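S.K.: Take this structure first; my questions come after.
The values are calculated or read from the model by the stated rules, or taken from the named source; none is laboratory data. From a predicted model like this one, the values you see are computed outputs, not experimental measurements. Every residue, glycine as well, gets a Cβ built from its backbone with ideal geometry; the counts of neighbours run over all protein chains shown.
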Amino acid sequence: MIPKEPTYRDRLQPWHLIRHLPNCQRLTVARFTRRRDAESYLNALRHLMPAVPHTIVFVNAVSVLDENTVPIPMKLPIEV
């Protein structure tokens, strides 16, 4: 895939909620402007789908989350 420049929308929503799939694949479930919004959405998903692994990832304006990049998951303290 050809790398693309980050769009204005990409810079506005740096918090991504990803679902881990088999064979080291991932799916972006939602994108958020604020970390707190991503945490709230993650808590709701954990109640609805407790067996499915999700991770919150911060993507800065320089790196774009595309099919060829692997995000570095951040260990976020989440209170349930």
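S.K.: What are the residues in the range 31-50 that are among the aromatic types (F, W, Y) and either part of a helix (DSSP H, G or I) or farther than 14 Å from P14 by Cβ (or both), if any?
M.R.: Y41
S.K.: Please work out if E39 is modelled with pLDDT of 90 or more and among the acidic types (D, E).
M.R.: Answer is yes for this residue.
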